[in-house]
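I have placed the structure first, in the form of structure tokens, so that the comments after it can refer back to it.
The values are calculated or read from the model by the stated rules, or taken from the named source; none is laboratory data. Since this is a predicted model, take the numbers as computed values, not measurements. Every residue, glycine among them, receives a Cβ derived from its backbone with ideal geometry; neighbour counts consider all protein chains shown. Ligands, DNA and RNA are stripped out before the accessible areas are found, and what is left, the full protein with its side chains, is counted by its heavy atoms. Shrake-Rupley method; radii C 1.70, N 1.55, O 1.52, S 1.80 Å.
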Amino acid sequence: MTPYVVGSILMGADQFVAEWVAGRIPHMRNRAFGPFTALGIIRGEHLIGGVVYHGYMGHDVQVSFALDRVSFMPWRALFSYPLIDMNCSRITAIVGRKNRKSRKLVEGLGFKLEGVHLKGLDGFEDAMSYGMLKEH
């Protein structure tokens, strides 16, 4: 598929966007997402953010994202993809306990803390599990 841009969303560049995202998430460096779809966020001619949807289970998909600029994000489009196009009833985000900035962001977006997995992030750091339901 040839990459293309719709508004500020880059589509069809899944591998490029996933590598960009993984490079900004310490526990994802040198790890694979498994089967995934990715959307990039473009500002001018630059990639400023990316979202990787992975771990799809029909009703749920895990989301991993990295952003260089938080203020300019088409959140509605980024969340409508898994909830509308993939017909998921929920989205899951896993964030490291020490990553307060990301935890604050996902909470501000409407994700709810659902659990703590001791040493679940990388064998050392606790993983915080967040969920967002379609109706929210």
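How many Å² of accessible area per residue for the chain, probe 1.4 Å?
Per-residue accessible area for the chain comes out at 58 Å².
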Surrounding net charge for Tyr53, when Lys and Arg each add one and Asp and Glu each subtract one, Cβ distance under 12 Å: -3
Farthest positive-ward along the chain dipole, Cα basis, beta-carbon charges - from His54, Met128, Pro35: Met128
Whole-percent carbon and sulfur share, accessible surface of the stretch 25-86, 1.4 Å: 52
Rounded, prolate or oblate (a/c below 1.5 giving rounded, otherwise prolate when a/b exceeds b/c) for the stretch 33-136 by Cα gyration tensor: oblate
Whole-angstrom gap from the stretch 118-136 to the stretch 11-38, using each part's C-alpha centre: 18
